[in-house]
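Readers should treat all values here as calculations from the given coordinates under stated rules, not as data from a laboratory. This structure is a prediction, so every number in the text was calculated from the model and none was measured. Counting neighbours? That spans all protein chains shown, and the Cβs are built from the backbone with ideal geometry, glycine included.
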Amino acid sequence: MARIEFKDASAVVIIGSGAGGGTLAHELSRRGIKAVLLEAGKRQSLESFSQVPGEAFGQLTWLDARTQSGNWGVARDFPSLPVWHCKTVGGTTVHWTASCPRLQPWELRAKTTYGNPAGTSLVDWPISYEELEKYYVLAERRLGVTRRNGVPGLPASNNFKVMFAGAKKLGYKQVHTGHMAINPRPFDGRGFCIQQGFCVQGCKMGAKWSTLYTEIPRAEATGNLDLRIESTATRIEHGADGRVNAVVYRDTQGREQRQSARLVCVAGNAIETARLLLLSASSKFPQGLANSNDQVGRNYCHHITGFVWGIFNKPVYSWRGATLAGVVEDEVLNDPSRGFAGGYRMELLALDLPTFATVGLPYGWGRDFASIIENYRNISGMFINGEDMPRSENRITLNSKIKNAYGLPVANVHVDEHANDQALRKHAQGQMSKMYEAIGARRVILGPTPPATHNLCTARMSTDPREGVTNAWGQTHDIKNLFISDGSALSTPGAANPTLTIVALALRQAEYISQQMKARTI
Amino acid sequence: MPSPVRYGDTLCDQLPSAGCFARMSVIGLELPRRAVGVKTMNELVTLNRRELIKTTTGMLTGLVVAGSPLALLARGRAWAVDLTALTSSEGTTLMAVARTICPHDKLEDAAYALVIQAIDSDASKEENTRKMIQEGIASLQLGFAASSENDRVETLKKMESSAFFQAMRQKTVQGLYATPMAYAYFGYEGEAFSKGGYLLRGFNNLRWLPEVPLQDSGPMPISA
């Protein structure tokens with residue numbers, strides 16, 4: 001691993017080591033570019049992952065204070081935890097469930113396809129599907145995604161058998177064990193899936209792709225990467241020319257450090273990425289960095305999500321097996337006759353017992369609440385992953401009333417659902433209920449929307465600088481040597497779990513950065 | 001007699017979520033940090049009965065249920081959980097509140113006692129929490145614990161928006177289902193890595209629905 005001097009102004013500084021930052025770190029360092037990778041969390045390993053759900057949650061989750069507002073269910077049901085992502089080396093690729101669908105061509109033209117419904121701030125992507133597809137293929141090869149490039153699918157779990165049977169009764173055609181970044185057989189130095197059902201707690205087999213044990217150690221092996229753990233970025237600085245030139249952060253001991261930079265790539269997950277740009281306000285950029293058009297933090301998207309549970313007369317043992325290895329894709333289409341724009345996936349899901357009781361069920365107590373849990377063995381689960389509509393007012397802001405340990409304002413997450421979001425959710429819950437009822441469910445329970453795990457679009461790519469924060473390469477419209485390298489840069493969310501798209505964009509961005517550095521334009 | 005350390009180690013080896021025991025220390029007993037919070041009465045007595053009485057305020061006790069995860073470890077037939085901020089009577093009332101919030105008739109008391117111990121631990125660390133809990137208990141009618149379930153439900157419904165009820169609901173739901181007793185009772189098997197996952201232990205043993213064709217699933221990586 002490299003040791004890069006604080007004053008070395010030739011380094012690229014990457015903030016965040018997840019799907020975007022971790023991949024970018026590898027891609028730049030293997031091209032001979034020196035990079036400092038700042039990660040706020042600690043470094044875990046296959047050996048150190050806790051398999052006690054409560055402990056694992058504490059080990060991996062970003063738990064710094066945040067506030068929230070708006071009419072979405074999360075504000076009511078999980079007031080202190082609006083979003084659920086990671087603070088650890090590898091970022092959210094440590095706890096993700098590894099579902100890797102692609103965005104659809106029409107989803108990249110969301111504004112055109114949906115006819116720009118009132119009360120939305122939709123844009124079309126500045127990238128064509130044909131362009132993105134090249135990088136999807138590269139990303140799928142790298143992650144070893146199932147049902148792509150000759151990699152077989154994962155075998156069907158009990159929970160998936162229930163989903164499959166219900167989906168077939170309803171006439172659905174595109175039903176399978178998913179495009180998963182989970183090895184069905186050993187690949188790329190990673191183990192194979194032994195169906196533990198502990199994807200979210202960190203896969204102790206390493207069967208699930210994570211930058212923690214792929215991209216990051218490989219980047220370190222190049223000798224060009226300086227990974228600094230427990231290092232929280234607090235401000236990005238710039239020179240008189242308006243170009244960024246350093247990142248200020250707190251190190252393991254809480255001391256302030258300042259790392260000079262030739263360019264800066266922000267990949268702190270959509271909440272912290274927006275917050276850091278806003279926290280970096282200066283006299284030259286009083287609204288924050290890359291924010292001359294007041295777009296930073298706006299258009300926050302998180303997918304329409306929610307649990308649907310079916311209680312059956314016979315056991316399912318849903319917790320045995322890869323957590324999300326199953327999907328129905330027939331509703332990923334834009335069919336206005338359903339009463340809403342955009343599509344949704346129905347994804348397999350199981351929760352461990354303590355998480356099922358605390359996160360999976362709607363608020364309740366007493367006999368009825370307890371009677372659901374009494375049936376835990378006989379419960380099958382699914383999850384909605386639908387496209388939500390961007391709104392200008394759904395946004396990340398700084399809440400100056402509440403300060404973190406370093407005296408800095410925390411992020412506030414504001415979400416008011418659009419009528420389209422609610423119609424989509426209702427349709428999805430209806431179809432999923434029908435699936436379970438068609439195969440004899442005794443009862444169907446519509447669970448809450450959990451804290452958001454897909455945090456997107458808060459520094460989005462746009463053709464018109466007035467409608468977003470970056471160009472088609474994640475390079476900010478305002479500052480040439482400042483890049484956005486995580487899900488914040490997605491123009492719209494589509495109905496696809498976002499990690500594969502984030503990796504594809506990071507691969508593409510790495511090429512661009514390296515070309516531009518060679519050409520000395522940045 | 002085995003030392004408390006070995007006792008804790010045995011527990012951690014046997015139970016996937018032994019962490020929930022280990023988190024609860026027995027205040028006043030000079031035990032190594034990994035020692036567990038639920039001990040059989042025999043051991044509490046033998047280890048340091050005098051010290052225990054001096055520093056605890058209350059205690060919850062019960063009988064070890066045959067077949068319970070606790071029975072694997074207990075040498076005696078009774079268990080005891082000590083309380084430091086709350087009295088035995090307050091603990092008993094909270095047990096009744098927890099059982100009204102999450103009523104599982106056949107789930108043993110020891111699981112609920114661990115929830116109460118966690119609440120007691122919060123109350124002993126934070127004066128505001130202790131006050132809130134004790135005032136909440138005082139606001140329940142006399143004899144709450146002994147009253148009928150209908151009466152208990154009616155009482156709690158009226159105070160559903162109170163900080164006391166909200167805290168009790170949260171702590172009960174969070175704590176109860178994380179106990180080894182709940183894992184065993186609800187059939188949840190938990191951590192699987194140490195046993196080779198569920199690949200050869202029933203992840204696909206459901207037979208009451210048709211099998212999924214290979215084209216929509218995938219081959220087994222290894223066979224039994």
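Just how large is the dipole of the protein assembly as shown about the Cα centre, in debye to the nearest 20, putting +1 at every Lys and Arg Cβ and -1 at every Asp and Glu Cβ?
About 880 debye.
Which one of A:A207, A:C265, A:Y300 has its Cα pushed farthest toward the positive end of the charge dipole of chain A, where Lys and Arg give +1 and Asp and Glu give -1 at the Cβ?
Value computed over the given set: A:A207.
List the aspartates and glutamates whose Cα sits under 16 Å from the Cα of A:K34, skipping any in the same chain fewer than 8 residues away.
Within the straight-line limit of under 16 Å, A:K34 reaches these aspartates and glutamates: A:E5, A:D8, A:E215, A:E220, A:D226, A:E511.
Could you tell me the relative contact order of chain A? Use alpha-carbon pairs under 8 Å, at least six residues apart, and round to a whole percent.
Computed value for chain A: 24 percent relative contact order.
Per residue of B:183-195, what is the mean number of Cβ atoms on other protein chains within 10 angstrom of that residue's Cβ?
Partner Cβ neighbours, averaged per residue: 6.
Taking a ≥ b ≥ c as the square roots of the Cα gyration tensor eigenvalues, with a/c under 1.5 meaning rounded and otherwise prolate when a/b beats b/c, else oblate, which class fits region A:220-305?
Oblate.
Separation between the A:K169 and A:E256 pseudo-spin-labels, each 7 Å from Cα along Cα→Cβ, expressed in nm?
The modelled label-to-label distance comes out at 6.3 nm.
Just for the protein assembly as shown, what percent of DSSP beta bridges are antiparallel, to the closest 5?
Close to 70 percent.
Obtain the nm distance between the two label points defined at A:S337 and A:D368 by a simple spin-label model: each point lies 7 Å from its Cα along the Cα-to-C-beta direction.
Between A:S337 and A:D368, the simple spin-label model gives 3.6 nm.
Among the listed pairs A:K204/B:K195; A:K42/B:K195; B:K125/B:K171; B:K106/B:K171; A:K87/A:K480; A:K111/A:K480, which are separated by more than 18 Å between their Cα atoms?
A:K42/B:K195; B:K106/B:K171; A:K87/A:K480; A:K111/A:K480
With a/c under 1.5 counting as rounded, go ahead and sort the protein assembly as shown into rounded, prolate or oblate using the C-alpha gyration tensor (a ≥ b ≥ c being the square roots of the eigenvalues; past the cut-off, prolate if a/b is larger than b/c, else oblate).
prolate
Given the -39500 (n - 2.57) contribution per DSSP H run of 4+ residues, what per-residue ellipticity at 222 nm results for the protein assembly as shown, rounded to the nearest 500 deg cm²/dmol?
Mean residue ellipticity at 222 nm (helix-derived): -9500 deg cm²/dmol.
Once you sort the root eigenvalues of the Cα gyration tensor of region A:64-151 as a ≥ b ≥ c, which label holds: rounded (a/c under 1.5), prolate (a/b larger than b/c) or oblate (the other case)?
Note, shape of region A:64-151 comes out oblate.
Need one number: nm distance between label points at A:L46 and A:L138, each 7 Å from Cα along Cα→Cβ, rounded to one decimal.
Reported label-point gap for A:L46 and A:L138 is 2.8 nm.
Roughly how crowded by other chains is peptide B:172-181, in terms of the mean Cβ count from those chains within 10 Å of each of its Cβ atoms?
Other-chain Cβ atoms within 10 Å of each residue's Cβ, averaged: 5.
Between region A:194-255 and region A:448-497, what is the C-alpha centre distance in whole Å?
19 Å
If the reach is capped at under 19 angstrom between alpha carbons, list the aspartates and glutamates near A:K208, excluding any in the same chain fewer than eight residues apart.
Qualifying aspartates and glutamates at Cα under 19 Å: A:E47, A:E140, A:D188, A:E347, A:D352, B:E191.
Could you tell me which helices of chain A pass both thresholds, a Cα extent of 24 Å or more along their own axis and a mean Kyte-Doolittle hydropathy of at least 0.0, with helices taken as whole DSSP H runs?
On the way: long enough: A:419-438 (28 Å, -1.21); A:499-518 (28 Å, 0.30).
Helices meeting the criterion: A:499-518.
Which of A:D188, A:D352 has the fewest other C-beta atoms within 10 Å, and how do the rest follow up to the most?
By the 10 Å Cβ count, ascending, the order reads A:D188, A:D352.
Which residue, A:G191, A:N159, A:I439, has the largest displacement toward the positive end of the dipole of chain A when charges sit on each Cβ (Lys, Arg +1; Asp, Glu -1)?
Of the options given, the answer is A:G191.
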